[in-house]
Amino acid sequence: MSTENEGNAVPPAPSAPPVPVASPAPPQGDAGATAQLPPVPPGPPEQQHPYGPGAHQPYGAPEGSWPPPPPPGTPGYGEAGAGGSGGGWGASYQQPAPKPAGGGRGGLIAAVLVAALVAGGLGGGLGYTLAKDNDGQGSTTVSASDNGASQVKRAPGTIAGVASKALPSTVTIEAESTSGEGGTGTGFVFDTQGHIVTNNHVVAEAVDGGKLSATFPDGRKYAAEVVGHAQGYDVAVIKLKNAPSDLKPLSLGNSDQVAVGDETIAIGAPFGLSNTVTTGIISAKNRPVASSDGSSSSKASYMSALQTDASINPGNSGGPLLNASGAVIGINSAIQSTSGGSFGSGQSGSIGLGFAIPINQAKYVAQQLIKNGKPVYAKIGASVSLEESTDGAKITDQGTGGADAVESGGPAAKAGLKPGDVITKLDDSVIDSGPTLIGEIWTHKPGDKVKVTYTRGGDQHTVDLTLGSRVGDS
């Protein structure tokens, strides 16, 4: 399975950040891939491709360089322009030409009106028939009073109550590169200083001199700048320019305490429809997911994700996944999706398989970005194969560019690991592939002590290992 950013699930992502050995071949279009939830281009929605756990395409055997390239079975979401037949969620787009007065939401409004008229016509016809059948017999109807309708209050614990409190602290992000390419995503207020947390792939177009803006539900719009971004984690922090003094950060929950079956609430701008609220449950935890934008230069992002069936679509990327009390438990980032689009857009949508970066990990990354401007990754200091597997993460015979597969003096070397060893567990987490190992390792911080179980020559061994660190994405 492959995972598209905000649209697809990726092959099992490794929990340890080993250095890939060889760049995997570009994905060939998996109907069930998991891809990052790419930002929605200002124009017609782009097609998105999911890739994630379950994809049946090989990862390839990347060499030990960082960051690891996207697994071969991980389709991207930026393969074609808006309206293209094979495009992804984050496909590039040309800035739309000015629309004539009265344009814009005309299509959507027309559709809503048609639906209303159909319902109205049905009700009218039914009412006439009933009136005719009961003519002369008299009837009594009771109408609810609309007095004080605007005074209705929702309890804090209801979905409406949670949404009304959280929405003012979410923003719709528009990113545009110097060449005019870009898209739309979501973010949420992290602190009172104006920092907004979102996905790296949402702001990637604006990193090198592009333009960024963040719009609140009440219409206030602010220019913003990228403070730091982590491609491997797919997390970014931007900061509002001239931030208002009334910012209310969303409260952060504890993603480690989330249980399968817990209620979830997702907020975002699916297909550009800002301030959309959807609900669901936690369907699974620790789901290995790898995603990329599908471009030739793209490098994979890995996560041990929270899986939810709350409806998530292109444009939801970077938005908060809340628990029933309104605390953030994750950042919506990718979905498992079918390869075909719908509504004539050529862009796939939700099939009930969404993936979010756990907030405990995202919080750590965001704090590092605010403090240093660069991400810090935990590592074991060994290159592992990214080929699809169910047996474990195999340490390759050689690293990238002929480098040693096991870094001299690194954590793996000190623990006695050698090329050819197959890592099968990290602490209590089962490791079935290289991507799974990377994703699991990145749930830890540099300096954490972990137990590594591996096989060598048919024998199983367990060793203690202290994770090292790497700063930056390159």
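A short reminder: the numbers here are calculations on the coordinates, not readings from a lab. Everything numeric here is computed off the predicted structure, so don't read it as measured data. Glycine also receives a Cβ, built like all others from the backbone with ideal geometry; neighbour counts cover every protein chain displayed.
Quick look at the values:
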| item | result |
| --- | --- |
| Bins of 10 Å, starting at 0 and running to the largest distance - Cα pair percent for segment 377-471 | 18, 57, 25, 1 |
| Potential lengthening between Asp256 and Ile159 on full extension [0.36 nm per residue; Cα-Cα distance subtracted] | 32.7 nm |
| Interchain or long-range residues, amide H under 5 Å from Thr279's placed H | Ala266, Ser311 |
| Over segment 316-474: Rg over Rh, Cα atoms, Kirkwood Rh | 1.04 |
| Rg to Rh quotient for segment 373-432, alpha carbon positions, Kirkwood Rh | 0.99 |
| Under 28 Å from the Cα of Lys371 - lysines, other chains or at least 8 residues apart | Lys211, Lys221, Lys239, Lys241, Lys248, Lys299, Lys363, Lys379, Lys445, Lys449 |
| At most 13 other Cβ within 10 Å, DSSP loop - trypsin sites (Lys or Arg not before Pro), segment 343-410 | none |
| J(HN,Hα) series, segment 206-215, from Karplus relation 6.51 cos²θ - 1.76 cosθ + 1.60, nearest Hz, glycine and proline x | 9, 4, 9, x, x, 10, 10, 9, 10, 10 |
| Nonlocal amide H pairs with Ser433, under 5 Å, H built at 1.01 Å | Gly392, Ala393 |
| Inter-site label distance for Lys241 and Ser469 at 7 Å from Cα along Cβ, in nm | 3.2 |
| Label-point separation, Leu167 to Asp391 (7 Å along Cα→Cβ), nm | 5.4 |
| Long-range amide H partners of Ala382 with built H, under 5 Å | Val19, Glu407 |
